[in-house]
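Here the structure comes first, spelled out in structure tokens, and everything after it is commentary.
The values are calculated or read from the model by the stated rules, or taken from the named source; none is laboratory data. Since the model is a prediction, treat every value here as computed from it, not as a measurement. Cβ placement follows ideal geometry from the backbone for every residue including glycine, while neighbour counts extend to all protein chains displayed. Calculation scope for accessible area: heavy atoms of the full protein, side chains included, ligands and nucleic acids excluded. Shrake-Rupley method; radii C 1.70, N 1.55, O 1.52, S 1.80 Å.
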Amino acid sequence: MERAVAYGFSAAMSGALLLSCLLFAALNRRQRAPYMDEAFHVPQAQAYCEGRFGQWDPMITTLPGLYLVSVGIARPLAWLFGWTGSIACSTGMLRFINLLFSVGNFYLLYLLFSKVHPKSKAVSGFQRILSTLTLALFPTLYFFTFLYYTDPGSVFFTLFSYLMCLYGNHKTSALLGFCGFMFRQTNIVWTVFCAGNVVAEKLNEVWKTELLKKKDEKTFSIKGSFSDLFRVLRFLIEYLTSPQNLIKIIALTWPYIIIVVVFFAFVLINGGIVVGDRSSHEACLHFPQLFYFLSFTLFFSFPHLLTRAKIRRFLQTLRKYPLRYSLIAVISLFLIWKFTYVHKYLLADNRHYTFYVWRKVFQRHELVKYMLVPVYMFAGWSFADTLKSKSIFWILLYFVCLFAVTVPQKLLEFRYFILPYLIYRLNIPFPSLYKQLLELALYIFVNVATFYLFLNKTFQWPNSEEEQRFMW
């Protein structure tokens, strides 16, 4: 790291940490008691701090990774500073652990940007620092830095696992993937993604060799025809059904395979992926979740996805392939008609932004959800277009993982979109400086609005004296 870049990175990280500490202090002054899901997480962590590891709140649906890490940090601090257990594992101290995770996430994001986008004339150290700062302030993730939720730790171990995978340290990557799984069970998908990265790399090498053998200069593009796609799928089937090739793949990915086997053993013993309360977390085929994710990404990455040039090219593509896009529109309408689910939490809890999105947009009229199909189609096209620099095998892998992590979720919850969004944003080409600054300005604006509403616009429910606050 050059000296100027090192100074710039230190300044950005220190500034972000200072801002976070000020917000942390303000939030803890206004909301001292556990809020929302903290009402389950905080008492569970405090029970672990007191050595009661057999105690478990049946309302908690995730594994105890967050609580085990909390004990591993709080206990040594209590011994070092002579604190009592009530101080070391107080709500404020437990929240502070997520602030530490946020510092780790900042550094990991920079390392990932440096690995995915090596230094070149097109990508400067300043651009990597700016993109790191922007993603570190990604509103949906940044907000939960200040509450005792699983999200910052889940992101930390998943990003760390991805980084180790890119560096070829697959045993370490698999172990970190297991840690991520202990924070949230769906993170097993990103362990599979890391394994898939290794396989995609190998497939890409063989694919290029095959093209050279056939003296075929044509390379596959995400905008290619269906015949190109079938050609790739045929190659995949032929390669993966070869015993010799399967042995090579197993040899490359065995650490990840062990973690996946552990996951399936857990599901078998547990009787499902959810621990604790399963009544509100039933899996289903909620295909419109993909459309919600694409809309979410279109909003937060609008400088990259929503440009005049992209809109013009999309319209040209529609004119060029009317039958293809008509078929996509019909399939989308069918999926919305048959597979739209509305979770009881979405309709009942007016503290979450999703409650207002659903009420103000989707509940205005029965036809609104169908009228949004053109927006979904543009968002999907633009989303795929920004990934065209990646290999077709990487793209297929990412979309399979995106499907696996979003579609089975019945509840529309923006927190479920954090990791797929970060993986996407890390892998798209660096935009111009103007677009990066515009993206950062959007994130800052959304964060300011979110914290203002949370801290200052409290309200009460008729049957409760507790103050309620707006949040993601």
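Just wondering, is there one or more residues in the stretch 7-23 that are modelled with pLDDT of 95 or more, aromatic (Phe, Trp, Tyr) and assigned to a helix (DSSP H, G or I)? Within the stretch 7-23, not a single residue is modelled with pLDDT of 95 or more, aromatic (Phe, Trp, Tyr) and assigned to a helix (DSSP H, G or I).
Within the stretch 249-261, residues that are within 20 Å of Gln185 (Cβ to Cβ) have Cβ atoms under 8 Å from residues that are surrounded by fewer than 17 Cβ atoms within 10 Å (Cβ to Cβ) in these pairs: Pro255/Lys171; Ile257/Ile250, counting only partners at least 6 apart in sequence or on another chain.
Being within 14 Å of the chain's Cα centre (by Cα), in a helix (DSSP H, G or I), farther than 29 Å from Leu453 by Cα and of a type in the set (Gly, Ala, Ser) is a property that holds for Ser161.
Scanning the stretch 19-61 for residues being more than 24 Å from the chain's Cα centre (by Cα) and on the phi > 0 side of the Ramachandran plot gives a total of 1.
Filtering Leu133, Leu176, Leu111 for residues that are open to solvent by less than 30 Å² (accessible area, probe 1.4 Å) and touching a residue at least 12 places away in the same chain (Cβ under 8 Å) leaves a single hit, Leu176.
Of all residues in the stretch 179-214, those satisfying the criterion of being modelled with pLDDT under 95, touching a helix residue (DSSP H, G or I) at 6+ places or on another chain (Cβ under 9 Å) and open to solvent by 40 Å² or more (accessible area, probe 1.4 Å) are Glu201, Lys202, Glu210. Among the aliphatic types (A, V, I, L, M) and open to solvent by less than 10 Å² (accessible area, probe 1.4 Å): is that true of Leu426 in this structure? It is true that Leu426 is among the aliphatic types (A, V, I, L, M) and open to solvent by less than 10 Å² (accessible area, probe 1.4 Å).
State all residues of the stretch 1-24 that are open to solvent by 40 Å² or more (accessible area, probe 1.4 Å) and aliphatic (A, V, I, L, M); if no residue qualifies, say none. Result: Met1, Ala4, Ala11, Met13, Leu17, Leu18, Leu19, Leu22.
Every condition in (1) within 30 Å of Leu135 (Cβ to Cβ); (2) of a type in the set (A, V, I, L, M); (3) exposed (fewer than 15 other Cβ atoms within 10 Å of the Cβ) is met by Ile87 except one, and the failing one is (1). Which number in (1) in contact with a Leu (Cβ under 9 Å, 6 or more places away or on another chain); (2) outside any helix (DSSP H, G or I) marks the one condition that Phe355 misses? Unmet condition: (2). Considering every residue within the stretch 143-155, establish whether at least one is at pLDDT 95 or above, of a type in the set (A, V, I, L, M, F, W, C) and either open to solvent by 40 Å² or more (accessible area, probe 1.4 Å) or over 27 Å from Phe299 (Cβ atoms) (or both). No, every residue in the stretch 143-155 fails to be at pLDDT 95 or above, of a type in the set (A, V, I, L, M, F, W, C) and either open to solvent by 40 Å² or more (accessible area, probe 1.4 Å) or over 27 Å from Phe299 (Cβ atoms) (or both).
Taken as a whole, the structure places Gln409 among residues that are more than 27 Å from Val232 (Cα to Cα) and either among the small types (Gly, Ala, Ser) or open to solvent by less than 50 Å² (accessible area, probe 1.4 Å) (or both).
Screening Tyr398, Tyr370, Tyr341 for residues that are part of a helix (DSSP H, G or I) and open to solvent by 40 Å² or more (accessible area, probe 1.4 Å) leaves exactly one candidate, Tyr370. Take the conditions (1) surrounded by fewer than 23 Cβ atoms within 10 Å (Cβ to Cβ); (2) in a helix (DSSP H, G or I); Pro118 misses just one of them, which is (2).
From the list Ile188, Ile129, the lone residue that is assigned to a helix (DSSP H, G or I), β-branched (Val, Ile, Thr) and either closer than 28 Å to Ala449 by Cβ or touching a Pro at 6+ places or on another chain (Cβ under 6 Å) (or both) is Ile129. Can you report the number of residues in the stretch 156-173 which are among the small types (Gly, Ala, Ser) and either over 19 Å from Leu109 (Cα atoms) or open to solvent by 10 Å² or more (accessible area, probe 1.4 Å) (or both)? The qualifying residues number 1. Count of the stretch 30-61 residues, restricted to those that are part of a loop (DSSP other than H, G, I, E, B) and open to solvent by 20 Å² or more (accessible area, probe 1.4 Å), is 16. May I ask you to verify whether His352 is touching a helix residue (DSSP H, G or I) at 6+ places or on another chain (Cβ under 9 Å) and closer than 30 Å to Phe146 by Cβ? Answer is yes for this residue. Determine whether the stretch 442-450 contains at least one residue that is open to solvent by 30 Å² or more (accessible area, probe 1.4 Å), of a type in the set (Phe, Trp, Tyr) and in contact with a Lys or Arg (Cβ under 8 Å, 6 or more places away or on another chain). Scanning the stretch 442-450 turns up no residue that is open to solvent by 30 Å² or more (accessible area, probe 1.4 Å), of a type in the set (Phe, Trp, Tyr) and in contact with a Lys or Arg (Cβ under 8 Å, 6 or more places away or on another chain).
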